[in-house]
Amino acid sequence: MKLKTIAAALVAAMALAAPGWAADRLFDDIFTSHMVLQRERPVTLSGKAAPDAALEVTFARDSRKVTADKAGHWVATFPARAANAEPVTASVKTEGRSETLSDILMGDVWLCAGQSNMNWPVERALNPERYIETEQRADLRLFTVALASHILPQDRLPGASGWQVATAETVRSFSAVCYFMARDLQAAHDVPVGLVHSSWGGSQIEAWISADGLKDVDGQAEGLALLKDYAKDPVAATEAYGKGWERHWQAQVSTGIPGPWTADGADDWNLVPAAFGDWNLYGDPALKGFTGAVWYAADVTLTADQAKGGARLSLGGIDETDIAWVNGVAVGNSFGWGTPRTYGVKAGLLREGSNRIVVNVYNSWAAGGLTGPADAIALTLADGTRVPVTGWRYLIERQITDMPAPAPWYSINGLTGLHNAMIAPLGPLPLKGVLWYQGESNITKAASYERLLHAMIADWRGQFGAGLPFAIIQLPAFGPLNAAPLENGWAGVRDAERRVAQADPAVGLAVTIDAGDRFELHPPNKQEVARRTALVARRLAYGDDVDIRLDGRSPLSARRDGGRITVEFGTEGGALMAMSASMPIGFEICEAAVNSCAFAQAKLDGTRVLIDVPKGLSVQRLRYAWGGAPIVNLYEANGMPVSPFEIAVTP
């Protein structure tokens, strides 16, 4: 079967045919024309109709009569089918309504998810014109899930989405790693491929796991309980989060100091420029390049009548995380890069005379602050009267550096929200496998990443099918070089990814430590990342005999015998090689305590690494390539780098 001989005219006819999104669709949102369904699995179609409605569902000339349940949900299942080059149709009809889907292929469906490196588009990858200008693949289909977050699981996908045929236009903005991986898979397996891309730049892994998936993970119970409260009463939950925020601050400073959310002494704070904007441009040397928290305060005077009811507080744009108080009571908090904020102020909180508004803004990257514009910042009273809030002052937060946990209802750095809006609505869609490219936003809490990644994999397998293969793309190199051993969150997340792959036979690791750019968070050579990922996917999901280790060539053991540690890597993959040197570099021997590591000289012995230990040193751990952007030279014969790792040293 040579699917690439399908006529180019068919491609042109289908190129940009994404459906308009209608609330009264009979099929669920993932089912549209031009889709790919997983071959060799039962075909399950689903949708929504009137409660108890009788429907007739047809797929490739095979029909089923089904009845919607009390909530209007219907499901129809058809026998598994092999991959096909000739498109088929599907339809559903009920009294007075019908819907038909055309150009459906059977093939392999992959879900590609994560944060910005997964979201990085083809048009911004290395030499994109080679792929964009010539692309035309009728057997490769693309579906992008729009960005959305929700506190509860949803059954509708966000925005106007739909399956599209891969063409020069449609691949341009599609995930580069996902797309290039599919090209490599099709070169090895001539079947249609459908790609579902669901990622959001800057997102942490906790946002991609359902509440049920998170509930047994240590440290998540309090946030999940608060999220549950927020679903019932956002105002009360916001106040509770504010109290927790205040307790966190007070626990780190001297007792008796009034919290800045009261803005006592705000007259001594610095004036905010009239134009507002990025705090890097305030002209304050202390804010130039500053990342951290800044307090803002202003007062607004109201009459007794104006203060009687509730109000809406508009704060203009804020970058990136904020929490706002009115008269010492938290009224709102959210996350966004420069997005406008408007919070409700409940009746009884405002008072006659002066009312103090305080906002804490935290920024971790580049531009930050209460960015305005000035005319967007105001209180809108219950009667519609708009009262500008002016005279803003600011104070840099110097007393704490450990900021409170984000509110669990935040989008990309909260709990469950992205799963609820961008994964849950996919339903039990049969998949060939998953690509996961994330971790940058979890580097400050790397110790929990292994548990969270295991939890996410189990959670998604509960939705999409037991034993679902996962290809994990390990974090690339990024950040400064280190002249001495140090603790590093990037390395911690990489090791967590490696450990998950080592522990789960249906998880594979694509090591990219040498394919990054320490000056660029988003290295552009996504083709090489995709090539390695495709090899992992082929071995995991297809059983291909390809030369790739699924665990990044993890060490099997590290044993000390007298003054020497022997690291065994096993014989699969053959002898190891040191590139550009006579010995491997980047090994560290560590005692039990944190920050107790020292660089160690090593030498190769086939599939083993031998490390001499100075007398009197009690070595508990061994690390390799530990840092944000370590220099690596330990490779397998297939040209793949050995994964960074940490391992316990045994006698």
Separation between the GLU86 and GLU133 pseudo-spin-labels, each 7 Å from Cα along Cα→Cβ, expressed in nm? 3.8
Amide H partners (placed H, <5 Å) of ASN270, local residues excluded: TYR394
Given unit charges at Cβ for Lys, Arg (+) and Asp, Glu (-), the dipole magnitude of region 557-648 about its Cα centre in debye, nearest 20, is 220
Given an 8 Å cut-off on Cα distances and at least 6 residues of separation, report the relative contact order of region 557-648 as a percent. 33
Ordered by number, the GluC sites (Glu not before Pro) in region 114-208 that occupy a DSSP loop and have at most 11 other Cβ atoms within 10 Å are GLU133
Volume per residue of the C-alpha convex hull in region 557-648, rounded to whole Å³: 93
Between GLU352 and GLN252, what is the FRET efficiency for a Förster distance of 41 Å, r being their Cβ-Cβ separation, to the nearest 0.05? 0.70
FRET efficiency, SER98 to ASN280 (Cβ-Cβ, R0 45 Å, nearest 0.05): 0.20
Expected vector for region 562-567, Karplus 3J(HN,Hα) from phi with 6.51, -1.76, 1.60 and θ = phi - 60°, integer Hz, x for Gly and Pro, equals x, x, 9, 9, 10, 9
Provide the packing ranking of 274-280, 332-338, i.e. peptides ordered by the mean count of other C-beta atoms within 10 Å per residue, highest first. 332-338, 274-280
Positive end of the dipole of region 557-648, charges at C-beta (+1 Lys, Arg; -1 Asp, Glu), about the Cα centre: which of CYS590, ALA637, PRO614 has its Cα farthest in that direction? PRO614
What is the distance in Å between the Cα centres of region 403-470 and region 301-331? 34
Using alpha-carbon positions, what is the distance between the centroids of region 613-651 and region 531-587, in Å? 11
In sequence order, what are the phi-derived ³J(HN,Hα) couplings for region 205-221 according to the Karplus relation 6.51 cos²θ - 1.76 cosθ + 1.60 with θ = phi - 60°, rounded to whole Hz, with x for glycine and proline? 5, 4, 6, 9, 10, 5, 4, 5, x, 8, 4, 9, 8, 3, x, 9, 4
For VAL546 and ASP190 in the same chain, what is the full-extension length gain: residue separation times 0.36 nm, less their Cα-Cα distance, in nm? 126.5 nm
Where Rh is the Kirkwood radius over Cα pairs, Rg/Rh for the chain: 1.01
Among GLY574, ALA378, GLN502, which residue has its Cα positioned farthest towards the positive end of the charge dipole of the chain, with +1 placed on the Cβ of Lys and Arg, -1 on the Cβ of Asp and Glu, and the dipole taken about the Cα centre? GLY574
Please arrange ASP495, ASP605, ASP299, ASP545 by how many other C-beta atoms lie within 10 Å of their C-beta, fewest to most. ASP545, ASP605, ASP299, ASP495
Stokes-Einstein D for region 235-396 at 10 °C, 1.306 mPa s, Kirkwood Rh over Cα pairs, in µm²/s? 100
Region 574-586 - phi-based ³J(HN,Hα) in whole Hz, Karplus 6.51/-1.76/1.60, Gly and Pro as x: x, 5, 8, 10, 9, 8, 6, 6, 7, 8, x, 10, x
For Cα pairs less than 8 Å apart in space and 6+ apart in sequence, what is the mean separation divided by the residue count of region 235-396, i.e. the relative contact order in percent? 33
With 21 Å as the limit, write out which pairs from LYS65/LYS93; LYS215/LYS445; LYS232/LYS346; LYS228/LYS445; LYS48/LYS70 have Cα-Cα distances beyond it, or answer none. LYS228/LYS445
When only C-alpha pairs under 8 Å and at least 6 residues apart count, what is the relative contact order of the chain, in percent? 13
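Only the coordinates and a few stated rules stand behind these numbers; no lab work does. Since the model is a prediction, treat every value here as computed from it, not as a measurement. For neighbour counting, all protein chains shown are included, and Cβ atoms are generated from backbone atoms with ideal geometry for every residue, glycine included.
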